[in-house]
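Everything on this sheet refers to the single structure shown next.
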Amino acid sequence: MPRRLWAIQHWWLMVRTLAAMARQKPWQPLLIVVAIMVATGGLSSVSLINAGASQGELANTTPGLLSGAMVVARSPEHSITRADYVALRKAGFTQLIAISRDSGPFRCGSAPASGRGARDISRAVEIIGIDTLAMANANLPLARALADAANSTAAPQPIPGSVSSVSAASPALVSRLDCPGGISRDSGIAIRPPTPLTQIPDNTIVVPLAAFYTGNYTLHNRPISALVAATPLSPRQQNALTRQLPVHLKFKPPPAIQQPGTLSDSFQLNLWAMGMLMAVVALFIVLNALTLMYRSRLPQMVRLRQLGVGRYSLINALLGELALYCALATPAGVLAGVALTRQLTPTLSSTFANLFNAPFVRPSPLLAELLLSAFAISFAALVVFFVVPARQLGGALNRRSRRTTPLNTAQRLCITAVIVVVNSVAILTADSTLWALISVALVLLGGSLLIILWLPGFTRLLVRGVPPDYPLAGYVVASTYAFSAKSRLAVCAFFIALSANIGMNVMTDSFRQATKSWLTQRLAAPAYLYSATPPSPSQVGSNITARISYRGYTQVNGAPVTVRSVSDDKTSQDSLALSQQLPNAWTLFSQNQAVLINQQMALRQHLAPGAKITLGSVRVKDQVSPHHIGPAERIVAGVYLDYGNPDAQLLLPLSVFAPAAGFAGVTALYNVDGADLSALKAFGELYETSALITTSMATFDRTFVLTDALNIVTLLVAALAFAISVSVLTLDLQPQLTLLRTLGVRQWQIKAALGAQYMLLCTATAMVALPFGIGLAGIFIYQVNRFAFSWVYPLQLSAQVLISSVLFSLAVILVVLLLPLGRLNNKVDLRQEGAG
Amino acid sequence: MKAFLIGITAWCWLTACSEPAPRSSVFSQPAASASVGVQVVPERPVVWPQDHASHPAFALEWWYLTFVLSDEQQRQYGLQFTLFRFTTNPPYDSHWTNGQQWMGHASLHTPTAHFYEERLAGGGVGNAGVSAAPFMLAIDNWQWVSANTDLFPSVLQFSIQNDVSVELALTTSGPLIAHGQGGYSEKSASGKYRSYYYSQPFIQASGQLAIGPKQGSAATAVKVKGQGWFDHEWSSQLANNDALGWDWFSVHLQDGAKLMVFTMHVKGEAPYTTGTFITAHGESTTLAGDALSITASGYEAINGQQVPVEWQIDLAEPAMHLTIKPFKPGQWNPGRVAYYEGRIQVSGSHQGTGFMELTGYQ
C-alpha cells in the first residue's frame, strides 16, 4: 500500500475515533467549547464595557464644555447682550460661545407644557441653547457632534406634524429621560429625543441657540446666560479678556476642583490594565480547557498507538480536534459576549448612571477587532498547549511506561528561588511605565507557576494530616489533592483574577485614604474664593483673613516648572504636607535660600532635600519678577505631596510676587464664621472647604468604582471557568461517588464534600493570592504610578479591605460552583460506565 | 479583445491609473435645505459698488481672495481667504439667526507647511457678514476692510489657528472684470446652471506674515508682496445636488495678462468649459467652444482619491499652450466642504503663476 494512502487511512481512522468519542461523551467537548466561549465572551464583554466606560466623561482629560472658564454678567441686574458677544468675538476671543439657559416648564411628549397627560420633567432637566455654529469652529469632538446634529437633515422628526429641534444630552440623562416622543416647552419649538454625547453635564439638554430662541423666547426675556470658553484660555488670553470686558461683565475662571489632573489618566491606565488582565485570564482558561480535553483523550490515544497508529498522526489529530473546537467556540463566544453586552447596555447605563453617577456609552463593537483578539488568545493557548502538554503526549505515546517524575521539594525550592529572583530583579530594575507593567505581568505569571509547583504538594500534606477516623474528610482532602493536579490552570486563572482584585482594591483604598488626608491637610482654610482678579480688602471685609495665591513660571535645569506662592507662617506650614524635608526647611525657605518642590519634580529630576538647583528667572504675568532674576542657586528644603498635578512645581515665598502680581485665581479665606460673604459671592465662586473635599472625593469614588466593576467581571469569568472545570472533572468522579452512595453516604453529604474540596482549593489559592495582591498593589503604587504620573502615595493595608476582597471572591466562586454541584447526579449509571 | 481589456484593467489597478472617482456635489450638504432662491438672469448685469455686498435672496455666494506671494528671500507662499454665504431654510423662525450661514476659509501654504482654518457663523448674529458702505467683510476677527465703497485700497487681516497671522495692504493696477455677459456667467451648455461672477485680477498685495506663535517662541514675521485675485460670485442654481463641481484656474501671466478658465461638471450634461482672457490693460474676452481646452495630465492621490493636479490648457486666440503644475503636493483644504485649493506654476508657451481650485473630489 502506498505510504501516503496508508497515512490517510490512519488519519481517517483517527478522525472517526475522535468523532465517536465525542458522540459517546458529548458533554466533554461541549464543556470545553463552553469554557472557550466563556473566556472569549468574557474578553469581548470586558473590551466593550471598557470601551463604553472610556468614552465617558471620567476618561476625558478635557473638562466638559460647560465646566470651563466663562464670561458672565457681574450682577443679576445686568445681562450679556448680543452686541457684547459680537464685540468679543470680533476682538479675537473666538473661544467664547454664547449660551442661554431655560429651566422649564418642559414635558415629555408632544403635549404642550400646560397640557395634561404629558410627564413634567422640569425638575429633572435644564435646557441650554448653544451657538452651535460658532462652537463648530473649536476642534472638539462635542462641538463637531453637536454641529453635525444641528445641521443634519437626516435627523428623525419624532413629533409628526410639528417643527422640532435636534438636541443632545449626557448618555446617563438620555437613558434616564426616556422621552421617545420628544420634549415640549411652553414656548418655542419642540425638542427631539436627545442624542447621547459625553462632556455635557448631567441634567442638561443642549439645543442650537437658533432653535432655543423661537416662539416667545427672545433675547429680551431670556438673555444670554454666559459666554463659555470652548477651548482653554491661556493666562495671557485670560488677562487680555479681563481687560477687554465691559464693566457689566466678569470673567469666571474654571473651578480648580474640576480640573481633572491625572485622575482621568489614572482611570484610563486602570481600564487598560483590566483589559490586559482579562486577556491573561482568558488565556489560562482556554489552556485549561485544552488540557482537560487532552487528559480525557489520553487513554484512547495510548490504545490507538498500541494498535499501530503513528505518534504524529495522533498528535496532529488531537491538535486538529482542539483547533476545531477553538475555531467554533471563539466566534460563538465573541458573538455571545457582544450580544450579552448589548442586551445589558440599558442595565449598564442605568447602573452607571444611578450607582456610579457616571455615563456609560453604548459601545459600537468592532467585531473584526474583537474576533481577532479572541482568536489570538485561543490560538496562543493552543500554541502553548502544543509546546507543553502535547510534548508530554508525544513522550507518553512513545514509551507508556515512562512517567514524568514529579519534582522533589529541593527542585521546587530551586525553581521558586529562581522565580523570586527574576521577579525581584524585574521590580527593582523597572525604570519606566512599560517595565513596571511587565513586572506586574511577571509577578502574576510567577505566582501562577508557584501555584502549579506547590498546590499539589500542599494538598498532599493535608492528606497526610487528616486522621483516619474521619473517612469522608479523608476523601475530601485526598480528592482535593487529585483535583489540584488536574485543575491547576483553572486555579491559576482564579489566582490571577483574585490577586489583581486584591491588588487593585488595596491600591485604590491607599489612594483614597492618601487623597482624603492630603486634601484635609492642604485645604486648611474654611472657604476658598475662585475669581479672575484678587478680591480687594473692601470686598473681603475687615474680619476675614484672605491669603491670596500667586503663580509664575521658571526653568530648573532647562525644564519648565510652574511656581506658586506660599506664606511661611504657621498656618501654611501646618497645611503643607511635606514627605521629606531638611530640619531647618522653613527657615531656609523664609530667607529665600531654599525652595519647596512637589513630588513630581523631585522624581522627574531625581532631587531630594539638600540638593542644589539652578533656578531660572521667575516670570510672573510674562514679566520677570524683580525679586528673582535668575539664574540663581537654591537648596531643595523639602518635598511636598501634590496628588493629581501633572506638572513639576515649586513653591517660593510671597516676597517674590511683590508687588502683587500673577494672581493664581484662588484666595483662601479664614475667619469666615458669621461674616457677610455676599460681596465675595458676587465677585467670584465661593466654596466651603467641606464641600470642596466632598466633591473631590465623590469624583474619586466615581472614577475607581468603575474599575472595581470590571475587576468583578473578570473574577466572575474566572470563577465560571473554574466551575466548568469542576463539571468536566466531576464526570470522571462518577464511579467514586457511586461507591460512596453505596457505602451509605447521603447525597447532600457528597455534595457538601465536593463543595468543601473545591472551596478548600480556592481558599488555599486565596491564601497565596493575598500576599501577591499586596505585592501587586505595591508595584502599582511605587512603580506604575511613579513612572506613569511621577507621584506616589503610601501603601496602606486595611484588614477590612483585604478580608472583604478575599471573602467576596470566595463568595463569588461559591455561588458559581453551586450551579454544577446542584445539578450533580450521583445516582449509579453503570451502563454508561460499562460502555466507557 | 477580452484578454486585452482584462490586461488593461489589471494594469490600471496595479498602477492606480484609474480615472478620478465619481464627483459629488461640493455645496450640496450645507445648502441642501436651501430654498430655490432668486434666479440668475442675463437681463440683470452686475453693478458696482452695490454688488460688492451680500445678496441674501440667492442661495449661495462667495468672496474669494487668492494670493501668490514671495518674501525678501524669494520664498514662495500661496494664500487664500474666502467667505461663503449659504441660505438655509430652517423650518422655524428664530430670534437668533436669520436663516443665513457664513463660512470662512483661510489657508496658507509655505514651501514646507500648510496652515488651514475654517470658521462658521450664523447670519444675523452680527459677527459675520458683508456690508457695502463702507465695504467690510468679516467673520469674527477675520476682516477685510476698505475706507469707502470700493474694494480697494483696503486691508486684509486674519489669523489661522493661532499659528499664523496675516496683514496685507491691497491695491490694484487694473479694472474689475465682469465675466460672461456683464457678469452673467453660464456654467453649463444648457444654460441651466449660471451665476453672477466678476473678478479683480490685478491686485497688488504687500504686508506681513507672522508664522509660529503656537510653538511658544516669538512668531517669525516675514515681509511679503505679490499678486492677488478676487472673485465674487453668487447664484441659486449652483446650490444643487446636480452641480458636481469644477476645475477652475486663475493665471497671472508674466506679461501682465490674466486668464481665468474653468470646466464645470453637471450631472447628466457634458463638461462645460469656458473662461476669460484679460490683457494687461484690462480688456477682457470670453473664451468658449473650440477656442479653449482644459485637459488633465497628471494625478495626485489625496485621501484615497485620484485628484487631477496637472493640466494642459490650450487657447486658440490668443494662441497659448500652458502646462499647469502644482506649487507643492497636498494643497487640500480638509474642512466640512473639502476641496483642492492651491498655488500653481505655469509653463509652456507662456510663463506665469496662479491658483487652481478643484471641487467635487471629496
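Data overview
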| item | result |
| --- | --- |
| In Hz, Karplus ³J(HN,Hα) per residue of the range B:332-341 (6.51, -1.76, 1.60; θ = phi - 60°; x = Gly, Pro) | 10, 8, x, x, 4, 9, 9, 6, 8, 9 |
| Taking A:Val726, A:Val595, A:Val421 and counting other C-beta atoms within 10 Å, the order from fewest to most | A:Val421, A:Val595, A:Val726 |
| Normalised contact order of the range B:33-358, rounded percent, pairs of Cα under 8 Å and 6 or more residues apart | 14 |
| The range A:769-812: proportion of alpha-carbon pairs further apart than 13 angstrom, % | 59 |
| The range B:80-211: equivalent-ellipsoid semi-axes (sqrt of 5 x gyration tensor eigenvalues, Cα, Å) | 25, 23, 16 |
| Length-normalised contact order for the range A:550-602 - Cα pairs under 8 Å, 6+ apart - percent | 20 |
| Calculated log₁₀ intensity ratio I(q)/I(0) where the Debye formula runs over C-alpha points of chain B, q = 0.07, 0.09, 0.10 Å⁻¹ | -0.29, -0.49, -0.61 |
| Rounded Å value of the spacing that divides the Cα centres of the range A:165-211 and the range B:124-150 | 36 |
| Environment charge of B:Asp140, counting only residues whose C-beta is closer than 10 Å and scoring Lys/Arg +1, Asp/Glu -1 | +3 |
| Residues B:Lys258, A:Lys250 arranged by fewest to most Cβ contacts within 10 Å | A:Lys250, B:Lys258 |
| ³J(HN,Hα) computed for each position of the range B:53-59 - Karplus, 6.51 cos²θ - 1.76 cosθ + 1.60, integer Hz, glycine/proline x | 6, 7, 10, x, 6, 9, 6 |
| Fewest-first ranking of A:Leu340, A:Leu307, A:Leu453, using other Cβ atoms within 10 Å as the exposure measure | A:Leu307, A:Leu340, A:Leu453 |
| Euclidean distance between Cα centres, the range A:78-109 to the range A:482-544, Å | 37 |
| Global geometry of the range A:710-773, whether rounded, prolate or oblate, following the gyration tensor of its Cα atoms and the 1.5 cut on a/c | prolate |
| Low-density loop positions, trypsin sites (Lys or Arg not before Pro), the range B:52-135 - DSSP coil, at most 16 other Cβ in 10 Å | B:Arg75 |
| Cβ-Cβ FRET estimate between A:Asp431 and A:Arg512, R0 fixed at 30 Å, reported to 0.05 | 0.60 |
| Per-residue HN-Hα couplings for the range A:207-214 [Karplus 6.51, -1.76, 1.60; θ = phi - 60°; Hz; x = Gly/Pro] | 10, x, 4, 4, 7, 4, 8, 10 |
| Rounded, prolate or oblate (a/c below 1.5 giving rounded, otherwise prolate when a/b exceeds b/c) for the range A:532-683 by Cα gyration tensor | prolate |
| Inter-chain Cβ neighbour average for residues A:83-95, partner chain, 10 Å | 4 |
| Per DSSP, loop trypsin sites (Lys or Arg not before Pro) in the range A:738-770 with at most 15 further Cβ within 10 Å | A:Arg746 |
| Paramagnetic reach from A:Arg746 in the range A:471-485 [backbone N under 13 Å; point 7 Å along Cα→Cβ] | none |
| Per-residue mean of C-beta atoms belonging to partner chains within 10 Å, peptide B:141-150 | 1 |
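Throughout, read-outs are computed from the coordinates displayed, never taken from laboratory work. In this text, all values refer to a predicted model and were calculated from it rather than measured experimentally. In this analysis, Cβ positions are derived from the backbone assuming ideal geometry, glycine residues included, and neighbour counts consider all displayed protein chains.
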